[in-house]
Amino acid sequence: MVNTKVTLSGITLDNPVIPASGTFGYGYEFAELYDINILGSFSFKGTTREPRFGNPTPRIAECTAGLINSVGLQNPGIDKVISEELPKMRKCFHKPVIANISGFSVDEYAYCCERIDKEDQVGIIEVNVSCPNVHHGGMAFGTSPEAAAEVTRAVKAVTTKPVYIKLSPNVTDIAAVAKACEEAGADGISLINTMMGMRIDLKTKRPVIANKMGGFSGSAIFPVAVRMVYQVAEAVNIPVIGMGGVSSAEDVIEMMLAGATAVQVGAANLVDPFACKNIIEDLPRVMEQYGIKDLNEIIGGAHK
Amino acid sequence: MVNTKVTLSGITLDNPVIPASGTFGYGYEFAELYDINILGSFSFKGTTREPRFGNPTPRIAECTAGLINSVGLQNPGIDKVISEELPKMRKCFHKPVIANISGFSVDEYAYCCERIDKEDQVGIIEVNVSCPNVHHGGMAFGTSPEAAAEVTRAVKAVTTKPVYIKLSPNVTDIAAVAKACEEAGADGISLINTMMGMRIDLKTKRPVIANKMGGFSGSAIFPVAVRMVYQVAEAVNIPVIGMGGVSSAEDVIEMMLAGATAVQVGAANLVDPFACKNIIEDLPRVMEQYGIKDLNEIIGGAHK
Amino acid sequence: MKQSIFTVKSNQHLTDTVLKMVLAGDTSAITASGQFVNIKLDGFFLRRPISVCDYNEKTLTILYKVVGKGTQYLSTLAAGKQLDILTGLGNGYDTSKSGMHPLLIGGGVGVPPMYRLAKNLLEEGKKPEVILGFNTKAEAFYIDEFRALGVPVHVATADGSLGTKGFVTDVVKTLKDYTYFYTCGPEPMLKALSDVTETSGQLSFEERMGCGFGACMGCSCETKYGNKRICKDGPVLEKEEIKW
Amino acid sequence: MKQSIFTVKSNQHLTDTVLKMVLAGDTSAITASGQFVNIKLDGFFLRRPISVCDYNEKTLTILYKVVGKGTQYLSTLAAGKQLDILTGLGNGYDTSKSGMHPLLIGGGVGVPPMYRLAKNLLEEGKKPEVILGFNTKAEAFYIDEFRALGVPVHVATADGSLGTKGFVTDVVKTLKDYTYFYTCGPEPMLKALSDVTETSGQLSFEERMGCGFGACMGCSCETKYGNKRICKDGPVLEKEEIKW
Ligand SMILES: Cc1cc2nc3c(=O)[nH]c(=O)nc-3n(C[C@H](O)[C@H](O)[C@H](O)COP(=O)(O)OP(=O)(O)OC[C@H]3O[C@@H](n4cnc5c(N)ncnc54)[C@H](O)[C@@H]3O)c2cc1C
Ligand SMILES: Cc1cc2nc3c(=O)[nH]c(=O)nc-3n(C[C@H](O)[C@H](O)[C@H](O)COP(=O)(O)OP(=O)(O)OC[C@H]3O[C@@H](n4cnc5c(N)ncnc54)[C@H](O)[C@@H]3O)c2cc1C
Ligand SMILES: Cc1cc2nc3c(=O)[nH]c(=O)nc-3n(C[C@H](O)[C@H](O)[C@H](O)COP(=O)(O)O)c2cc1C
Ligand SMILES: Cc1cc2nc3c(=O)[nH]c(=O)nc-3n(C[C@H](O)[C@H](O)[C@H](O)COP(=O)(O)O)c2cc1C
Ligand code: FES
Ligand code: FES
């Protein structure tokens, strides 16, 4: 028997496989297909202070080995997430969930995190700093170490749960951003969010996405994600949740060798609703194939 | 009849299709397969002051829809390129070529560009600023607008030919780098170079590439390349040569709609030595399919 | 929703660009006309959503138009090819609201779902009347199949090469005693129908989809009763709730 | 070099993990034993380099070991499948240097190129002697095929389950009158042979390849006579030029 249990800031997961925020909704659609309690955890859709419809459609563009999305954080807002979604989620998922929080100002992050911090069900707060900072020219918080650190400090001041900062890959120096978050008190780092991408429709000669650009993810981005997880794992001493293009048990192991303690699966859920289930079921066999008895032994293994 | 001719800084190309530096050698291998004079131009292997063996092997790692390379600028050095390769190239290619120049210091760039500037055969000098600046902590010149501008100024001071700065995509704000180069006198911008990526071998549990990381390219990166070409075309008034994952005539048109005046084809040449030939032959048919009479009409078309 | 493997039984051109594909597989998740399936194609990242045209316990029929690389690939598949398909997606049409004499209006690739809907309404003892709109006679398909159901079928073509010259709305304007309407087709047609019809009705929408089963919010639209996902809360919306 | 389409004629297991594939197609670009082909596989970005084991005007034979996803996929292909292959890659062995009694030493998946090389040498009237090295008897293949050529064949297995217990070098040490050697196999074996052999020889190397035809510099190595591309200036190098 192999050991697939891993621990994130004191929370032990049965396995490292976690559906990524925005690709698993609140889990309901998947719970109709299989018992989602087999998951390590799951990160629910990004939550903001106010309800949001998000961006105009089309919001989806297909790419080779991936897709671009510009959903734009559609969500019912923190109040309804707490009053309606969390109680519903509890019915289909009995483990601690990861609350993915977004904001357009430092205050909004702090407000949402403070609210969600009181919820038992939430094991980890994952703070998505890829959102534009509306007060400072609209550059994403995650593109500057200082802005990311400021969000981290504000959130840490009002929460008791482990806070993982989820980084944007659209930066020159990802390790610098991660280090700034660590110094500001982050308990862990999640990465990568989507890469900024664009497709143009040859028929209309206009961008496919109504908002022109969007977030590119899927297997195509895996090599960039592995590289960034490796760089961040080398730069910080807090746990890293790796993601970006993961779609097989082999990919999970590769991410962990790069330094991830747990691994999220995003776009793969959209094209194969059983992706996470299949990965979890394949994991023991693939571990044996590569002579891995305990996943904890391989975390960061490629750094040696 | 459709028009596929485009003009880069006064040099008219029969078509916008240009093999990208490092994926076409000096053209010899391809010239054995077909008459490479059908190409718009071609950008030969990156040249440095000294001869270089490059990085240790393995230098290649396969990825979904792409590959990572860490060739590390293997080349015989500027002297031999001028004395041996250019005369040989002239025999199989009768149009102006693009000289791709690399360096590890501002002086080296200037030296090489000054040398190559005297060569008739060279139509455009393409300055690859993705190389590490050995005098300043090893960050690539292309990751800072100031450093990229410094290289541009140094090169412009010693050359008479059009100078295109080839940008690295591994940056937070590609438009800022492009603008700095334009202000420093660049005649055009080439982008994108490879994205930093990494793969880990599950059997050995070590990075596949001897140098750990390398440059990721191929169809997987196309959406990021289109986005960056779009952003740069919006930011500057000089011509843009677009590249990154181009492997079909449709991709060429999409790049041009994003703002490219010409388009380079890299990794696709490696897996299909006839890639450029096929693209050039398909182009008129695909133009007709999308109602395009003259490629010049669609350059930047998606910005309208 | 169900994920399962279907086998292509036949794949034939109805027009230059529209094909009919019959697939064998587990159709048990399909519960209503107007639902769609989402098909995985080799070499393409996203699935392709296609309406259910008809089905029985063992087979599924779809009609699709070649508009891009995915449908082009689909058109090359021969009998025996296996496809991974998600079935039973979307809400589908609610036949309980139809009244005795509903109008069924399909435009172009919006025609297919009308077929099963017509069969269902007939089974329920209702008297549906069908209007099919195409650009030209050469692009028209499935008219005989609708006629074979024994329902009145009107055809409109934009160039007048078949049936009424003009749009489906031109036909609708000539009809009086219908009790309800169901439609699927290009958005301008849906909008025009919403304006011209005198009864309530249900309209089926298209949107670019990430998942097709409600997980990604890629396909959302705003309605008078809040945000809806075209793939899960649609594709069928009620006339009254639509914000144009 | 030539790019063309080959059709799988047969694809059979020789051992649990090694298969023999015979392909029909245009072999005119193949000019020497020791050359390789580069095979495009659906769903994989890079081609897979595999040595020519044998060929005639119309068919190509390769022997390959399943070591990863690409060769795994290759092992599933049935007769009739078409493959895009670049042929005539690499320099191949130079038989003019062999003398009358060359040694041919193949280790594991380095065995295949020795087969055509042996045939070529025999045709030239020479008397090659063959040494094949494997880990175990269960992993051994193509011994009978070499014997059928009428050449002396020695086998070494690491565990002694077949032939000499030990490595090919142990066999080489017992042989005296050879005039030259040719080899292909894992790099440690090549190095050991280079040390233990008393004559000149040619050694075939492997490297991860981007293109396989000299364009990318992905496969370079440093030799005493300058940088060489394994794919174009190799895969065969002369013992004297190698920097270990
Ligand atoms: C609920 C629903 C039911 C549909 N039913 C039918 C049907 O019965 N028959 C039929 O011919 N077509 C139908 N369509 C449209 C069909 O999905 C598209 O024509 C098809 O996806 C185009 O794929 P492609 O690869 O050929 O085109 P491409 O343009 O190459 O596709 C690129 C991407 O855009 C998406 N896309 C392109 N056009 C559309 C569109 N109109 N709607 C949604 N996504 C699109 C593709 O799915 C793909 O992700 C339906 C669409 C929806 C949403
Ligand atoms: C000149 C040459 C001749 C060869 N001849 C044979 C032969 O006759 N029979 C045989 O069984 N094998 C041969 N090999 C090795 C064969 O190329 C690899 O086993 C094969 O590429 C593995 O592919 P994979 O997808 O199964 O493995 P993966 O590990 O999944 O492949 C991943 C990537 O690494 C590359 N790769 C992996 N192993 C090797 C290797 N040993 N050498 C080069 N690239 C590698 C693959 O080509 C691919 O790009 C030869 C290699 C070279 C360079
Ligand atoms: C449709 C979609 C919606 C997403 N929404 C969110 C979100 O709300 N919050 C967030 O932090 N990340 C969001 N992401 C990013 C993913 O969580 C993940 O970081 C990214 O997609 C990379 O992983 P992948 O390649 O496996 O998809 C979204 C991604 C997709 C595809
Ligand atoms: C094997 C290889 C070698 C390369 N060498 C160079 C080089 O010497 N100079 C340079 O500017 N770019 C070099 N590049 C980058 C390409 O020119 C191109 O910018 C990049 O690969 C993106 O295009 P693609 O996705 O079409 O490959 C190299 C790329 C590859 C794959
Ligand atoms: S397409 Fe994903 S929610 Fe509708
Ligand atoms: S693999 Fe490209 S030069 Fe050898």
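Hey, does region C:63-71 have a residue that's open to solvent by less than 30 Å² (accessible area, probe 1.4 Å), among the hydrophobic types (A, V, I, L, M, F, W, C) and not assigned by TED's automatic domain parsing to the domain that holds C:Thr174?
Yes, there is a match, as at least one residue in region C:63-71 is open to solvent by less than 30 Å² (accessible area, probe 1.4 Å), among the hydrophobic types (A, V, I, L, M, F, W, C) and not assigned by TED's automatic domain parsing to the domain that holds C:Thr174.
State whether one or more residues within region C:65-76 are in contact (Cβ under 8 Å) with a residue 24 or more places away in the chain, part of a helix (DSSP H, G or I) and among the small types (Gly, Ala, Ser).
Taking every residue of region C:65-76 in turn, at least one turns out to be in contact (Cβ under 8 Å) with a residue 24 or more places away in the chain, part of a helix (DSSP H, G or I) and among the small types (Gly, Ala, Ser).
Limited to region A:112-142, what total is found for residues that are open to solvent by 30 Å² or more (accessible area, probe 1.4 Å) and touching a residue at least 12 places away in the same chain (Cβ under 8 Å)?
7
Return the pairs, sorted by first residue and then second, in which the second residue is β-branched (Val, Ile, Thr), the first residue lies in region D:1-26 and is without any contact (Cβ under 8 Å) to a residue 24 or more places away in the chain, the beta carbons are less than 9 Å apart, and the residues are 6+ apart or on different chains.
Close Cβ pairs (under 9 Å, with a partner that is β-branched (Val, Ile, Thr)) amount to D:Gln12/D:Val22.
Where residues in region A:29-48 are open to solvent by 10 Å² or more (accessible area, probe 1.4 Å) and in contact with a Gly (Cβ under 8 Å, 6 or more places away or on another chain), which of them is nearest to the other protein chains (Cβ to nearest Cβ)?
The qualifying residue nearest to the other protein chains (Cβ to nearest Cβ) is A:Glu29.
Considering every residue within region D:189-206, establish whether at least one is within 14 Å of chain B (Cβ to nearest Cβ), under 29 Å from D:Cys231 (Cβ atoms) and more than 16 Å from ligand 1 (Cβ to nearest atom).
Yes, some residue in region D:189-206 is within 14 Å of chain B (Cβ to nearest Cβ), under 29 Å from D:Cys231 (Cβ atoms) and more than 16 Å from ligand 1 (Cβ to nearest atom).
Would region D:72-80 turn up any residue that is touching a Leu at 6+ places or on another chain (Cβ under 7 Å), crowded, with 20+ Cβ neighbours inside 10 Å and under 20 Å from D:Val171 (Cβ atoms)?
No, region D:72-80 has no match at all.
Scan (1) touching a Cys at 6+ places or on another chain (Cβ under 9 Å); (2) within 14 Å of another protein chain (Cβ to nearest Cβ); (3) among the charged types (D, E, K, R) for the single condition B:Lys161 breaks and write down its number.
Among (1) touching a Cys at 6+ places or on another chain (Cβ under 9 Å); (2) within 14 Å of another protein chain (Cβ to nearest Cβ); (3) among the charged types (D, E, K, R), B:Lys161 violates only (2).
Among residues belonging to region B:58-72 that are open to solvent by 30 Å² or more (accessible area, probe 1.4 Å) and over 13 Å from B:Pro207 (Cβ atoms), point out the one that is farthest from ligand 1 (Cβ to nearest atom).
It comes out as B:Asn69.
State yes or no: is B:Pro96 in contact with a Gly (Cβ under 6 Å, 6 or more places away or on another chain), within 15 Å of B:Ser43 (Cβ to Cβ) and touching a residue at least 24 places away in the same chain (Cβ under 8 Å)? I'd like the intermediate steps shown before the answer.
On the way: in contact with a Gly (Cβ under 6 Å, 6 or more places away or on another chain): yes; within 15 Å of B:Ser43 (Cβ to Cβ): yes; touching a residue at least 24 places away in the same chain (Cβ under 8 Å): yes.
When the stated conditions are applied, B:Pro96 passes them.
Could you check region D:121-140 and list, in sequence order, the residues that are part of a loop (DSSP other than H, G, I, E, B) and open to solvent by 50 Å² or more (accessible area, probe 1.4 Å)?
To start, the set of residues in region D:121-140 that are part of a loop (DSSP other than H, G, I, E, B) comprises D:124-128, D:135-136, D:140.
Correct list: D:Glu124, D:Lys127, D:Asn135.
Yes or no, residue by residue, for (1) in contact (Cβ under 8 Å) with a residue 40 or more places away in the chain; (2) among the aliphatic types (A, V, I, L, M); (3) assigned to a loop (DSSP other than H, G, I, E, B):
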site: B:Thr12; (1), (2), (3): no, no, no
site: B:Tyr26; (1), (2), (3): yes, no, yes
site: B:Lys45; (1), (2), (3): yes, no, no
site: B:Glu50; (1), (2), (3): no, no, yes
site: B:Gly54; (1), (2), (3): no, no, yes
site: B:Val71; (1), (2), (3): yes, yes, yes
site: B:Ile82; (1), (2), (3): no, yes, no
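I'm trying to understand the selection: among the residues of region B:223-242, which are open to solvent by 10 Å² or more (accessible area, probe 1.4 Å) and either more than 17 Å from B:Val177 (Cβ to Cβ) or within 13 Å of ligand 4 (Cβ to nearest atom) (or both)?
none
For region D:87-114, give me each residue that is in a loop (DSSP other than H, G, I, E, B), within 16 Å of ligand 6 (Cβ to nearest atom) and not small (Gly, Ala, Ser).
D:Asn91
Take region B:260-285 and flag every residue that is within 14 Å of chain A (Cβ to nearest Cβ), over 19 Å from B:Gly27 (Cα atoms) and open to solvent by 10 Å² or more (accessible area, probe 1.4 Å).
B:Asp282, B:Arg285
Would a scan of region C:141-157 turn up a residue that is within 13 Å of ligand 1 (Cβ to nearest atom) and either surrounded by 16 or more Cβ atoms within 10 Å (Cβ to Cβ) or within 17 Å of the chain's Cα centre (by Cα) (or both)?
yes
Scan D:Leu19, D:Leu89 and give me the residue that is within 12 Å of ligand 2 (Cβ to nearest atom), open to solvent by less than 10 Å² (accessible area, probe 1.4 Å) and within 14 Å of chain B (Cβ to nearest Cβ).
Just one listed residue meets the conditions, D:Leu89.
Restricting region B:205-221 to residues that are touching a strand residue (DSSP E or B) at 6+ places or on another chain (Cβ under 6 Å) and part of a loop (DSSP other than H, G, I, E, B), which is least open to solvent (accessible area, probe 1.4 Å)?
Filtering region B:205-221 for residues that are touching a strand residue (DSSP E or B) at 6+ places or on another chain (Cβ under 6 Å) and part of a loop (DSSP other than H, G, I, E, B), the one least open to solvent (accessible area, probe 1.4 Å) comes out as B:Gly218.
Which members of region C:15-54 meet the condition of being farther than 24 Å from C:Val236 by Cβ, in a loop (DSSP other than H, G, I, E, B) and either hydroxyl-bearing (Ser, Thr, Tyr) or more than 16 Å from ligand 5 (Cβ to nearest atom) (or both)?
Within region C:15-54, C:Thr15, C:Asp16, C:Thr17, C:Leu41, C:Asp42, C:Gly43 meet the criteria.
Inside region C:207-218, can you point out the residues that are under 19 Å from the mean Cα position of the chain (by Cα) and either aliphatic (A, V, I, L, M) or more than 7 Å from chain A (Cβ to nearest Cβ) (or both)?
The answer is C:Met209, C:Gly212.
Taking D:Leu117 as the residue in question, decide whether it is near ligand 2 (Cβ under 10 Å from one of its atoms) and either out of contact with any strand residue (DSSP E or B) (no Cβ under 9 Å at 6 or more places or on another chain) or not small (Gly, Ala, Ser) (or both).
Here the answer is no, as D:Leu117 does not meet what is asked.
Among the residues of region B:86-109, is there at least one that is surrounded by 18 or more Cβ atoms within 10 Å (Cβ to Cβ) and within 10 Å of chain D (Cβ to nearest Cβ)?
no
Would you point out which residue out of D:Asp84, D:Asp144 is more than 16 Å from ligand 6 (Cβ to nearest atom), under 26 Å from B:Ile60 (Cα atoms) and either without any contact (Cβ under 8 Å) to a residue 12 or more places away in the chain or outside any helix (DSSP H, G or I) (or both)?
Working: D:Asp144 fails: under 26 Å from B:Ile60 (Cα atoms).
Every option except D:Asp84 fails the conditions.
Restricting attention to region B:172-194, and to residues there that are more than 19 Å from B:Ala258 (Cα to Cα) and among the aliphatic types (A, V, I, L, M), which single residue is nearest to the other protein chains (Cβ to nearest Cβ)?
Selected residue: B:Ala180.
(1) in a helix (DSSP H, G or I); (2) among the polar types (S, T, N, Q); (3) touching a Ser or Thr at 6+ places or on another chain (Cβ under 8 Å): which one isn't true of A:Ser247, the others all being true?
The failed condition is (1).
Are there strands (runs of 3 or more DSSP E) fully within region D:190-237 with at least 3 residues that are more than 11 Å from ligand 6 (Cβ to nearest atom) and open to solvent by less than 10 Å² (accessible area, probe 1.4 Å)? List them.
D:201-204
The values are calculated or read from the model by the stated rules, or taken from the named source; none is laboratory data. Since we're looking at a predicted model, the values are computed, not measured. Quick reminder, even Gly has a Cβ in these numbers, built from the backbone with ideal geometry, and neighbours come from all protein chains shown. These area figures cover heavy atoms from the full protein model, side chains too; ligands, DNA and RNA do not enter into them. Shrake-Rupley method; radii C 1.70, N 1.55, O 1.52, S 1.80 Å.
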